[in-house]
Structure formats: structure tokens, C-alpha cells
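Quick notes on the structure that follows.
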Amino acid sequence: MYLVVQTGYNRGRTFEITDQPLVIGRDEDCGVSVKGRAISRRHCELWLEKGTVRIRDLGSRNGTHVNGDPVEDAILTVGDEIAVGAFVFIASDHPGKERPAQSPEPTTTVTVSLSRAYYLHQSESAVAEDYQPRTVLEFRDLYLMGRRYSRAVSREELVDLFAADLREHFRPESFWLAWYLGAENKLAHYAFEVDGHLPPPEAVLRRAIEESSGILQPSHTRTGGKKHFCTTLAAPLQYGNEKLGVAACQAEFPRGSYDEQDLEFLVAIADGFAPYVRAIERQEQLQRDAERILGTKGGTSRIVGKSKAINRVKSLVQKIAKTDINVVILGETGTGKELVARLIHDLSPRAMHPFIAINCAAVPSELFESEMFGHEKGAFTGATRRRTGWFEQAHGGTLFLDEIGDMPRQHQVSLLRAIELGEFRRVGGESLLRANVRVIAATGDRPKFDLPENHFRFDLYQRLAGMELSVPPLRERKSDIALLAEHFLSDCVARLPTPCLRLHPGTLAKLESHPWPGNVRELRACIERACALASGVDILPDDVLLSNVGFAASVEPAFHPKTMDEMQREHIIQTLNACDGNISAAAQALGISRPGLHKMLKRHGIER
């Protein structure tokens with residue numbers, strides 16, 4: 001008697017059953033080695049005993065089924081169907097028909113609509129009409145897949161589970177998952193190729209999503225001058241009437257090929273996967289909406305101030321937000337460049353999609369490509385799983401690159417290509433991925449391209465600076481200091497146990513006279529310190545600690561003309577203070593006599 005494979009890429013392969021046990025299982029040393037989550041390492045065995053064929057389960061986790069019934073030890077007859085996991089075999093008195101040595105000619109393309117797909121059909125007698133052990137096992141696998149998908153907490157985790165299921169059930173040379181960009185009528189994010197030499201079947205993918213149908217299409221391909229026969233399965237990801245994307249598998253003869261039942265099963269997997277994709281998208285959207293609502297106080301009113309300089313910024317933000325142009329925001333540290341970038345995003349049509357903020361100065365050069373574009377599992381030491389990069393995470397939304405001038409030059413070419421074409425590759429990956437991203441960059445100063453020490457590419461800056469927007473420093477909008485101080489005070493009061501604090505008029509005067517080299521960020525820190533130091537309801541001038549540490553070189557003090565007498569008087573006072581009021585020491589430091597110093601003190605009205 002013979003054991004003939006009825007399913008999968010080895011369909012038609014035959015194993016002779018002799019008096020030596022023929023073991024079926026996952027281990028490579030099994031006589032019939034098959035893979036799958038539902039298959040044990042040594043699942044069952046068959047052997048010939050006194051002219052009859054016996055089968056025995058080897059304590060497998062999911063059992064061995066004969067004609068749909070679980071068995072532990074049984075006698076097989078010709079025509080019996082044996083199910084081990086998702087694999088089905090038949091006991092036969094003659095060898096099965098092996099696959100031809102040469103590639104078969106293509107057959108007609110097969111399509112199946114979602115409304116008529118076998119596993120999705122609404123008829124109560126659907127299973128009874130075409131009962132097969134394989135079908136029952138696949139229904140069980142669909143149930144287990146749904147349980148796994150329901151526990152995913154992110155789109156990345158969900159996609160990884162889906163990819164693992166496709167690998168296990170279809171053993172493809174290549175497979176893809178493409179998201180559908182309805183507004184642009186494009187497919188994006190081709191991914192997960194196994195061998196990488198087969199190009200994405202764009203026409204099949206697009207037809208599947210447009211017709212809402214699963215497709216099985218045979219075709220010939222050529223690689224290295226050699227002709228290959230392959231079959232492609234494609235199934236749409238659809239939630240109600242909403243098209244989310246499409247999944248596809250491709251197998252190449254003689255390693256594997258697919259049939260109509262494989263197509264039905266892929267359609268069922270994709271249809272069950274789609275609602276979980278939509279649920280994850282809604283969850284992420286709710287999180288973004290909550291963050292945006294908590295930070296929104298009426299459009300551009302999030303930018304506090306009424307000065308002419310800041311009103312110009314508000315006006316430009318509203319205009320820029322309506323477009324999809326890339327933006328470079330110029331401004332000193334602490335002026336609120338990221339706030340402006342977030343506001344542009346929140347007021348734009350992209351507000352429902354992610355806003356990913358990155359500080360380029362904080363990313364080590366050797367990790368930049370991996371962080372920006374992601375990496376595949378095994379791409380380098382420590383890459384234990386596939387990682388989605390920032391550019392891909394920002395798909396549909398905005399990528400904010402702060403301190404763009406500190407980006408390593410060797411990585412600027414790949415970023416330029418990603419911005420221009422919307423295409424990129426993960427580190428260690430072969431797939432050309434796509435993402436629709438708006439880029440907003442920020443820097444303290446416009447790069448000086450005419451200087452030899454400048455390392456920033458002019459073509460990249462041109463691509464980023466579709467529009468330039470300058471955020472004024474706080475010293476140029478002093479009329480906004482009181483409004484900003486009250487705003488920060490309100491934030492602090494909301495977090496403090498003391499419900500009432502107010503700024504003393506003298507405190508406001510002290511704040512307005514400071515040059516604020518650290519800009520709005522420094523003012524916020526100053527108010528927070530003052531709230532912590534205040535001993536009463538009023539924040540007094542002495543509660544405000546002003547400091548220029550770390551900023552002294554960044555801001556030029558305002559110049560005020562002085563007479564020679566004024567300068568001489570100030571110099572004498574500073575010298576006396578340095579000498580602790582000692583007249584003799586001060587006179588010696590000034591290079592004059594003690595009586596001469598007394599005359600100068602009297603002349604300038606300096607009392608000692």
C-alpha cells in the first residue's frame with residue numbers, strides 16, 4: 001500500500017508503506033517531514049503488519065484523524081483519508097501521479113468573489129455539501145488565527161502574526177502585503193519577500209483589490225535566462241465596503257504550486273484578518289485624537305502671544321497647513337519649533353494620521369538608517385525581529401526632523417530618495433517599500449552652503465524647504481512675555497496642591513527686562529521654579545531666579561551708548577567691589593595714588 005500526499009506543495013508525492021515504521025512529523029529525520037503549528041515533532045506512524053496497514057498516533061498534541069475521526073491505533077484500508085495538521089494523505093493501492101519534470105503550461109486564471117467564497121458562504125449546508133477532513137482542520141486553523149490576532153496590541157505585531165500564518169500554510173517563495181491608499185489609488189508597503197527574486201505581481205494585486213475577489217493566476221517567469229512556472233494567490237483585505245489592502249503568495253514549480261482550495265483558504269484568512277487591522281487602526285486613531293484634543297485650544301491659539309511677530313507665524317501656519325508642501329522651520333533653541341510643526345500637522349488633512357518627531361542630533365550615525373527606515377530580522381547582530389522605521393511609521397502623516405543640520409551626510413542621500421519618491425528599503429531587506437509622508441524639518445540656522453565646512457546637501461535642503469518659516473526669539477516679542485508667563489503659571493497651578501498663585505507686578509517687570517537667551521523654554525522653566533519657591537499667594541521678584549548659564553555666548557547684549565565719565569565711574573565701582581572696598585588695593589589696581597582715587601570718588605559721587 002502507498003501513502004499519497006493530497007495537499008500543499010508536495011501534492012502527488014508517494015511514500016511506500018512497508019514493515020518498517022513510516023513516521024510523519026516535524027522532525028527532519030521523519031520519513032514524511034511536514035511543517036505546521038498543529039504538527040508534533042513525531043506525530044504518527046504507519047507500518048505493514050501481516051498484510052494490513054496500521055496507523056498509530058504517537059501522543060501528538062492535536063491528534064491524528066482518519067476520515068475525520070481521531071484515532072490512536074487503527075487499521076487502514078484503500079481510500080482512507082489521513083489528516084495530520086493541515087496536511088491530508090490518502091491510503092492507495094497504487095503510487096500517486098508525480099508532478100511532471102518540466103513546468104506545466106499555464107491554465108486559466110481562477111477568481112472567487114468574497115460573497116461566494118467557500119469558507120465565507122452563508123449557506124448552513126456549505127460544509128455538508130463538500131465535506132473533507134482538510135476543510136474541517138482549516139476551519140479550526142481559522143479559529144485559532146482569530147484568537148491570536150485578537151491579542152495583538154499593534155499593527156506591527158498583527159502583521160507579523162499574519163506573515164507567520166502565510167509562511168506556515170502556503171510555503172511561498174515570495175509573498176506580499178500591500179496597503180491600499182484609496183485617495184491616491186495606489187498600493188503601498190510591499191513586504192515580506194522570502195527569496196526576493198520575484199517582483200511584486202502588481203497587476204494581480206490591483207485586480208484583487210479592485211474586484212474584491214481572490215485570484216489564482218498561473219504564469220511563466222524568467223530569471224537568469226531560465227523559464228519558470230509559478231502560481232500566484234491574491235486575496236483582498238476588505239472591511240465591509242472599505243478596501244484596506246491585499247495579500248499575495250507566489251510558489252514556483254517544482255517546489256510548489258497552488259490549487260483552488262488554497263485560494264479559498266487564503267481568501268478566508270485575509271477576510272478574517274481585515275477586521276483586526278481595522279480595529280488596530282481605530283485604536284491608534286483614538287489615541288492620536290485624544291492627544292490632539294488634549295493639546296488643542298482652538299487652532300492657532302495654542303501659540304500663545306499677540307505680538308506682530310507671532311501673529312505673522314500664526315497666519316503662515318494656517319496657510320501652510322492647507323497644503324502638502326514640505327517645510328523647514330528656522331529658529332533659536334527654545335522658541336517652539338516643534339509646537340509649530342505639530343500645529344501644522346493638526347490643522348492639515350493629515351491630522352488623522354501619525355505625527356512622528358525625531359531629534360536627528362540624538363541618533364548615533366551607525367544606527368540612523370535602521371532607525372529611519374527599519375530593519376529586517378537578522379540584518380545585523382542584535383536584529384532579532386523585524387522593526388518598522390520612523391519613515392514607515394509616519395505613513396499618511398507627518399515626519400518631524402528636529403536639528404536637521406546634524407544629520408550625518410552619508411545618510412542624506414537615502415533620505416532624499418525617500419522624500420522625492422516615497423520609496424525606501426529596510427536595512428537587510430530587498431523589498432522596495434512605499435510610504436506617503438510629509439516632512440517638516442527644523443534647524444537653528446539655514447545651512448551656509450558656500451562654506452567648505454558645511455556638510456549638508458543643497459539638493460536635500462531644497463527638497464525639504466518647499467516653504468521656510470522663521471519663529472522669532474522671545475526678545476523680539478517682549479509684549480508676549482506677560483501672556484506666556486500667565487499661561488505657564490496656569491499649567492503649574494493645575495499640577496500643584498496650592499490652587500491659587502499669581503504674579504506680582506514687580507515680578508512681571510523683572511521678567512520683561514530679562515533678555516531670555518533661552519527663549520520660551522527658559523521662561524517656562526523660570527515660572528516652574530518660581531512656583532516651587534513661592535511662599536505665599538503672590539510670586540515675588542525674589543522668587544524668580546534668572547540665569548544665563550549656557551547661553552551667554554549665544555545672545556549679543558543690547559548696546560547702550562555711554563559717556564567717558566559714566567564708563568570711568570562704573571570701572572571704579574567694579575574695581576572697588578573686586579578689592580572688597582580696600583582703597584589702597586583699588587588705587588594700586590587702577591595705577592593711581594590713594595589721594596588721586598579719593599578725588600575721583602568725590603568727583604563721581606561715589607561714597608565709601
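The values are calculated or read from the model by the stated rules, or taken from the named source; none is laboratory data. Nothing here was measured: the structure is a model prediction, and the numbers come from that model. We place every Cβ from the backbone using ideal geometry, glycine too, and count neighbours over all the protein chains shown. The protein model used for the area step is the full one, side chains on, heavy atoms only, and it has no ligands, DNA or RNA in it. Shrake-Rupley method; radii C 1.70, N 1.55, O 1.52, S 1.80 Å.
Miscellaneous remarks
- Against the numbered list (1) without any contact (Cβ under 8 Å) to a residue 40 or more places away in the chain; (2) β-branched (Val, Ile, Thr); (3) closer than 24 Å to Gln285 by Cα, Thr384 comes up short only at (3).
- The single residue among Ala586, Ala553 that is part of a loop (DSSP other than H, G, I, E, B), modelled with pLDDT under 85, among the aliphatic types (A, V, I, L, M) and over 30 Å from Arg495 (Cα atoms) turns out to be Ala553.
- A single member of Thr14, Thr52, Thr64 is open to solvent by less than 20 Å² (accessible area, probe 1.4 Å) and of a type outside the set (D, E, K, R), and it is Thr64.
- Residue within the stretch 383-391 that is open to solvent by 20 Å² or more (accessible area, probe 1.4 Å) and either modelled with pLDDT of 90 or more or assigned to a helix (DSSP H, G or I) (or both) present: yes
- Condition check for Val110: open to solvent by less than 70 Å² (accessible area, probe 1.4 Å), closer than 29 Å to Leu266 by Cα and at pLDDT 80 or above: no
- Within the stretch 147-236, strands (runs of 3 or more DSSP E) holding 1 or more residues that are open to solvent by 10 Å² or more (accessible area, probe 1.4 Å) and at pLDDT 80 or above: 174-181, 213-223
- Tally, over the stretch 519-535, of residues that are surrounded by 14 or more Cβ atoms within 10 Å (Cβ to Cβ) and more than 15 Å from Asp480 (Cα to Cα): 7
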